[in-house]
Ligand code: HEC
């Protein structure tokens with residue numbers, strides 16, 4: 001009996017660990033106050049001047065609307081496109097941008113928050 005109880009406790013422990021490890025991609029309050037990681041994503045967006053082609057509000061300009069496209073693209077497709085670019089189509093490669101490459105998860109989180117409609121203003125501030 002004791003062994004069974006140990007197994008049960010072990011399984012429950014595993015379950016709780018998995019449940020709590022599942023952190024949200026981003027946290028936002030009041031539409032534009034975000035967690036520190038998501039803020040880094042916004043800073044990378046600014047530094048790389050993605051807005052030059054995708055628009056100040058990600059609405060699309062010469063490049064497509066990332067609000068719309070991030071509803072469809074997988075994270076892997078996003079990372080691959082930003083890393084390698086689509087040179088023949090006008091999307092540059094950011095492989096050599098340390099700012100973008102070291103904040104790619106954060107950049108994805110920020111853009112996903114915009115695309116989900118949870119981050120309601122493109123300009124975000126730190127959450128207090
Ligand atoms: C010089 C203009 C330009 C800049 C700067 C630029 N992009 Fe793009 N981007 C494009 C164009 C044009 C496309 C469309 C490529 C195509 O037709 O497949 C694109 C496509 C994309 C896609 C794929 C969309 C899809 O529908 O598959 C993503 C994601 C993306 N850009 C993100 C970014 C991010 C993030 C940055 C900044 C780090 C950035 N882009 C900077 C022009 C640009």
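Just so you know, all these numbers are worked out from the coordinates, no wet-lab data involved. Quantities reported herein were computed from a predicted structural model and do not represent experimental measurements. Positions of Cβ are generated from backbone atoms using ideal geometry, with glycine treated the same way; all protein chains shown enter the neighbour counts.
To the nearest µm²/s, what D does Stokes-Einstein give for the range 26-126 at 25 °C and 0.890 mPa s, using the Kirkwood radius over alpha carbon pairs as Rh? Walk me through the numbers on the way to the answer.
Working: Rh = 13.3 Å.
Answer, rounded: 184 µm²/s.
How high is the relative contact order of the chain, given as a whole-number percent (alpha carbon pairs under 8 Å, six or more residues apart)?
Worked out over the chain, it gives 35 percent.
Distance in nm between label sites at residue 125 and residue 84, each 7 Å beyond Cα in the beta-carbon direction?
Each label point lies 7 Å from its Cα, and together they span 4.1 nm.
Run lengths n ≥ 4 of DSSP H only: what is the helix-derived mean residue ellipticity at 222 nm for the chain, with -39500 (n - 2.57) per run over all residues, to the nearest 500? Kindly include the intermediate steps, with their values, before the conclusion.
Numbers: 7 runs with 68 residues, N = 128.
The helix contribution divided over the chain gives -15500 deg cm²/dmol.
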